[in-house]
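These notes concern the structure reproduced below.
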Amino acid sequence: MYIATSSSSSSSMLSVSRVRFSSSFSKYSAASFSPYNLSRVSASPSASQSCVSALNRKFRSLSFSSALRSLRCSAPRWRSYPVDWRSPVSLRAQARTTSPFIERFERNMATAASDHAFKGILTGLPKPGGGEFGKFFSLPALNDPRIERLPYSIKILLESAIRNCDDFEVTKDDVKKIIDWENTSPKQVEIPFKPARVLLQDFTGVPAVVDLACMRDAMKKLGSDPDKINPLVPVDLVVDHSVQVDVARSENAVQANMELEFQRNKERFAFLKWGSSAFQNMLVVPPGSGIVHQVNLEYLGRVVFNTDGILHPDSVVGTDSHTTMIDGLGVAGWGVGGIEAEAAMLGQPMSMVLPGVVGFKLSGKLRNGVTATDLVLTVTQMLRKHGVVGKFVEFYGDGMSELSLADRATIANMSPEYGATMGFFPVDHVTLQYLKLTGRSDETVAMIEAYLRANKMFIDYNEPQQERLYTSYLQLNLEEVEPCVSGPKRPHDRVPLKDMKTDWQACLDSQVGFKGFGVRKEEQGKAVSFSFHGQPAELKHGSVVIAAITSCTNTSNPSVMLGAGLVAKKACELGLEVKPWIKTSLAPGSGVVTKYLLQSGLQKYLNQLGFHIVGYGCTTCIGNSGELNESVASAISENDIIAAAVLSGNRNFEGRVHPLTRANYLASPPLVVAYALAGTVDIDFDKDPIGEGKDGKKVYFKDIWPSNEEIAEIVQSSVLPDMFKSTYEAITKGNPMWNQLSVPPSTLYSWDPNSTYIHEPPYFKDMTMDPPGPHGVKDAYCLLHLGDSITTDHISPAGSIHKDSPAAKYLIERGVDRKDFNSYGSRRGNDEVMARGTFANIRLVNKLLNGEVGPKTIHIPTGEKLYVFDAATRYKANGQDTIILAGAEYGSGSSRDWAAKGPMLLGVKAVIAKSFERIHRSNLVGMGIIPLCFKPGEDAETIGLTGHERYTIHLPTKISDIKPGQDVAVTTDTGKSFTCIVRFDTEVELAYFDHGGILHYVIRNLIKQ
């Protein structure tokens, strides 16, 4: 079957009417079966017909509520196949009850079998020993030569479009666009995409569940059925963002930190536990289990789904930007905003621009002493320079065989740092080996390989390779990668290790900026003496005060984790020690790490240097580094010391890791240990000694650094499949503190007005069934005038709540002691706290303050300097609109929906920037805020804007008169005017804006069913 390319330019945009919220659940929800359950697939004709029926039913005749009820897995389904420890979906089934509506629902599903547009390519996949694995939509059966040359990542989008094609939500025109990707992707055409599942962590998961609970209330108030609000695709939520490093360098750190975690977050955890029972199709992995992306990689990732006998690729969107880590497993996954994820949960097709794909060819082999972290920092710098925002990156080449799956996952993990939507590694033999290592059954792996080979989605480097089309090309010889770190303020500012001392000196000399601290020459050698627990101590500029082995980026990689253990072993044997005032910590991404560190005998050496395990979560990487010792903190703040943190994380934006560490360097776990031993970043590891050994001799870097052969040998002997099996067999057993949480059985949440953690947000307070239409912006004041690279950490910080902030005042007024403030991230379920925390980063640079750094602004009408929240409140009270002026890369960093929700609650109507980070722009749209871009070559400075003007944005008043990407005039009261590009990128986004936001759009369409 050869599909002709549509020549109509109008087909490039997806009509709003076609993408309205479906009146039924996803065509074949994975919620009711194990993705690894093969016994349910029958080769009989009736089973085949059932498969086709499930794919071809027309949902408009099926009521939404009955569809939701049908999602509940019945007890017979649970008993129909053996319990498989590998199946996260099977764990959901244990909690479900038989639905009285299943029989009626299945009768509806058995109709319209002949209607599917691509029924002719539905093909059986035979098992080697007889029978079938299942049916699949065969891309080769289309017999279109263009498909053979498509990037593997685009093939996944194509298969999804074909499988979901009903000429209602997904049309044949969408399929044509994807097949003709070479010609259509440069035109920024739009396609719908339905991910197979949604992934959440608790920082973003709590507000998502709050929104769902609030949407149920809104449905009830508008006279509809609240139970229509239910996830229609599998939702996995891993609680990993709440643990803080309160206790470090202690054998009891894990238990002590978990107890404090539950004390602070008991209310949030109970809310999540309520959500797991109140909403169908939701699995919550309790605290202490691991980091979401490592759990996804080792456990939740399916690679290939078997959905009621239909085989298809796994795909996932997550509310954490590092969801891309799963791309290393050959699973298409990327981060989206929380509100986008909520819509995807509820069956809304995701509207996306068909992306370009950068082909990244790897050759050669990493040299001895070079780690995967060094590689990813090099790749990040290359791709950042190339420009990959909004694109997929697909890796290929002979060098792929030299990279372990964990190495690939490390590179994929940092896609947000190099700006790509995905950093994709197609499935090959290395992938299959990893699946077996992590405990997937032989039959499951055989099914995955058979399906991907049959559908030309498997890459076998032992066979001649078909030349593939890419939008652009990059290549890297792995032998050219050298040891490095990144910092001191951005992940893509790579510094070769050999140049670190020189670079540090340059940073001290340079004026304040991304690579500068502006320290006068006479101050650079300053040393501050203080007492630490009765011992003499000293800090200088560049002294390390935090050394953290943390983050999914690296703790999922046995080679660098065991490499860190080997560095510790060699250091201990030589008599080296870490200074006691350095806060050292080790936070593994899963219990598997602990098992292999113990198996190898290396954990005791890490402990000896102070790298005790502190918990299983993100910790320092997201700012949960805990407090520094008071004497250390005082020495830094009272003497203006540029203190350093070295961490194996993925983000080092200023103010993120810790408020007192202005220099933050990303490094491999072995380098984290090395810098902890050195005690400073002001060191040349090639020339300067790290310390003095027990024999009085100087010890150098080369004396403690393990060879690649040493690391490979210990990985081979210490990382075993049974470790993964035993870890994940108990994944939902939780712990006593989690299991003791009691939650009500109600499906509507009982909001506690006195809660400072969970609060009913005001989004739907005055909502009616009529869309409000586009809002104008007239005579708006500038709330903030910002520069380049304003991150979501600047906009909506996740870390500690400053004692003098509006959020602190709110909490104190409600009887919360300072010690119980917790973090902004942990209080994302309370809109009152989060609105006050918007733009509360103490390192925020607002040009209205003429160089002063901090979370304040100028209230233009009075000239008063106020906290941003207080100024915004005053503007709102006077009925005055506000806008934000910004530079390039506005909203970069973590995918954080509160970075859009917060400004909306502050009354911000528009953001005018040079450019936006992909996810943040869509979040702004989802919350009804207008994103505008200056014309190329222009910005606030070139136009002569000071931020003291009043701004009117001349947007049409009818949604039908607004087109994606159109020019919009902006005028000011000073006579300056300029033209911007409105960044509503699709027709669907215009529909969201018309309704006042994506969630309002979903509610109204649900009620209309």
For this session: Tell me the label-point distance for the pair Ile943, Lys819, using the 7 Å Cα-to-Cβ offset, in nm and rounded to one decimal.
Result: 5.1 nm
For this session: Describe numerically, in nm with one decimal, the distance between label points set 7 Å from Cα along Cα→Cβ at Lys385 and at Asn850.
Result: 4.0 nm
Exercise. Among the DSSP beta bridges whose two residues both lie in the chain, what percent are antiparallel, rounded to the nearest 5?
Worked result: 45 percent
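Starting from the residue with the highest accessible area, list His429, His1000 in decreasing order, probe 1.4 Å.
Order by accessible area, largest first: His429, His1000.
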Seminar exercise, completed: Once the mean of 1/r over all distinct C-alpha pairs in region 328-369 is inverted, the Kirkwood radius in Å reads 14.2 Å
For this session: Could you grab the relative contact order for region 822-878? Cα pairs under 8 Å, six or more apart, rounded to a whole percent.
Result: 22 percent
Problem set entry | Backbone HN-Hα couplings from phi across region 677-686 [Karplus 6.51/-1.76/1.60, Hz, Gly and Pro as x] | 5, 6, x, 7, 8, 8, 8, 9, 5, 6
Problem set entry | Backbone N under 16 Å from the Thr974 label point (7 Å along Cα→Cβ), restricted to region 832-855 | 847-851
Exercise. Across all directions of projection, what mean area in square nanometres is found for the Cα convex hull of the chain?
Worked result: 37.7 nm²
Problem set entry | Total formal charge among the other residues, if their Cβ is under 13 angstrom from that of Ser750, Lys/Arg +1 and Asp/Glu -1 | -3
For this session: Select from Ala913, Ser185, Ala645 the residue farthest towards the positive end of the dipole of the chain; place +1 on Cβ of Lys and Arg, -1 on Cβ of Asp and Glu, and compute about the Cα centre.
Result: Ser185
Exercise. What does the charge count near Arg921 come to, summing +1 for each Lys or Arg and -1 for each Asp or Glu among other residues with Cβ under 10 Å from its Cβ?
Worked result: -1
For this session: Note down the net charge around Val388, summing +1 for each Lys or Arg and -1 for each Asp or Glu among other residues with Cβ under 12 Å from its Cβ.
Result: +2
Exercise. Calculated FRET efficiency, Thr862 and Ser634, Cβ-Cβ r, R0 41 Å, to nearest 0.05?
Worked result: 0.65
For this session: Go through region 291-391 and name the GluC sites (Glu not before Pro) that are in a DSSP coil and have 12 or fewer other Cβ atoms within 10 Å of their Cβ.
Result: none
Problem set entry | Between region 575-637 and region 430-487, the Cα center-to-center distance that results, in Å | 33 Å
Seminar exercise, completed: In terms of the alpha carbon gyration tensor, root eigenvalues a ≥ b ≥ c, rounded if a/c is under 1.5 and otherwise prolate when a/b exceeds b/c or oblate, region 311-434 is prolate
Exercise. Percentage of Cα-Cα pair distances in region 272-329 greater than 16 Å, rounded to whole percent?
Worked result: 55 percent
Exercise. Under 5 Å between amide H atoms, partner at least 5 residues away or on a different chain: which partners does Thr307 have, H built in plane at 1.01 Å?
Worked result: His312
Exercise. To the nearest 10 Å², what's Tyr757's accessible area with a 1.4 Å probe?
Worked result: 20 Å²
Exercise. Each residue of region 397-411 in order: what ³J(HN,Hα) in whole Hz does its phi give by Karplus 6.51 cos²θ - 1.76 cosθ + 1.60, θ = phi - 60°, with x for Gly and Pro?
Worked result: x, 4, x, 4, 5, 8, 9, 5, 4, 5, 4, 4, 5, 4, 5
For this session: Take the alpha carbon gyration tensor of region 761-838, find the square roots of its eigenvalues, order them as a ≥ b ≥ c, and report rounded if a/c is under 1.5; if not, report prolate when a/b exceeds b/c, else oblate.
Result: oblate
Exercise. For region 155-162, in order, what is each residue's ³J(HN,Hα) by Karplus, 6.51 cos²θ - 1.76 cosθ + 1.60 with θ = phi - 60°, in whole Hz (x at glycine and Pro)?
Worked result: 4, 5, 5, 5, 4, 4, 5, 5
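Under 1.5 on a/c is rounded, so check that first for region 114-220, then, if it is not, pick prolate when a/b is larger than b/c and oblate when it is not; a ≥ b ≥ c are the square roots of the alpha carbon gyration tensor eigenvalues.
Values: a/c = 2.10, a/b = 1.52, b/c = 1.38.
Prolate, because a/c is 1.5 or more and a/b exceeds b/c.
State, as an integer percentage, the relative contact order of the chain based on alpha-carbon contacts under 8 Å between residues 6 or more apart.
13 percent
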Problem set entry | Stretchable slack from Ala117 to Met769, in nm (0.36 nm times residue separation minus alpha-carbon distance) | 231.3 nm
Exercise. If you place +1 on the Cβ of every Lys and Arg and -1 on the Cβ of every Asp and Glu, how big does the dipole about the Cα centre of the chain come out, in debye to the nearest 20?
Worked result: 1860 debye
Problem set entry | Residues of type aspartates and glutamates that Lys778 reaches as a straight line, Cα spacing below 13 Å, ignoring anything fewer than 8 places off in the same chain | Asp881, Glu949, Asp973
Exercise. How far, in nm, would the chain grow between Lys436 and Asn462 when pulled straight, counting 0.36 nm per residue and subtracting the alpha carbon separation?
Worked result: 7.3 nm
For this session: With a point put 7 Å past each Cα toward its Cβ, work out how far Lys963 is from Asp695 in nm, to one decimal.
Result: 7.8 nm
Exercise. Top to bottom by accessible area (1.4 Å), largest first, where do His920, His794 land?
Worked result: His794, His920
Exercise. Got a sec? What order do Leu574, Leu200 fall in by accessible area at 1.4 Å, biggest, i.e. largest, first?
Worked result: Leu574, Leu200
Problem set entry | Solvent accessible area, Å² - Glu813, 1.4 Å probe, full protein context | 120 Å²
For this session: Please work out how much accessible surface Cys214 shows to a 1.4 Å probe, ignoring ligands, DNA and RNA, in Å² rounded to 10.
Result: 10 Å²
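The values are calculated or read from the model by the stated rules, or taken from the named source; none is laboratory data. On a predicted model such as this, the values are computed, not experimentally measured, just so you know. Here Cβ is always computed from backbone atoms with ideal geometry, including for glycine, and neighbour counts include all displayed protein chains. SASA here: full protein model, heavy atoms, side chains in, ligands and nucleic acids out. Shrake-Rupley method; radii C 1.70, N 1.55, O 1.52, S 1.80 Å.
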